[in-house]
Amino acid sequence: MGQKGDTVTVKSRVSSPSLSNVSVDLEITVPANSQVTLRTGAGEVTLTGIQRTLDVSTGAGTVRVRDAQGPARIETGAGPHRNGRRHHRL
């Protein structure tokens, strides 16, 4: 984890040569008025209560957005996205 100005970066790396049976669970809490950019290779993503710009991209996995108020860009290579409000693209 690192911080540069107002940007906080959280990375998880797997050092195993075989990616089978690898799991990482992260719960990150930010102020509701934060701008959120999230990138993941695979996995389920749930975001709740974001009031500013939301930019989410995952290679594979379900993306759920609840109670968001700002504009959103949601992309998933394989998997559904469920947005509890009208979907806006940046």
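The values are calculated or read from the model by the stated rules, or taken from the named source; none is laboratory data. From a predicted model like this one, the values you see are computed outputs, not experimental measurements. Positions of Cβ are backbone-derived with ideal geometry, glycine not excepted, and every protein chain shown enters the neighbour counts.
Structural remarks
- Taking every residue in the stretch 48-66 that is more than 9 Å from Gly79 (Cα to Cα) and pairing it with any residue that is part of a loop (DSSP other than H, G, I, E, B) and among the hydroxyl-bearing types (Ser, Thr, Tyr), at least 6 positions away or on another chain, the pairs with Cβ-Cβ distances below 8 Å are Ile50/Ser34; Arg52/Ser34.
- Some residue of the stretch 33-41 being among the aliphatic types (A, V, I, L, M) and at pLDDT below 90: no
- Annotation note: of Gly70, Gly61, the sole residue that is small (Gly, Ala, Ser), touching a strand residue (DSSP E or B) at 6+ places or on another chain (Cβ under 9 Å) and either at positive phi or modelled with pLDDT of 90 or more (or both) is Gly61.
- Of the strands (runs of 3 or more DSSP E) lying entirely inside the stretch 1-61, those carrying at least 3 residues that are loosely packed, with under 13 Cβ neighbours inside 10 Å and over 13 Å from the mean Cα position of the chain (by Cα) are 2-4.
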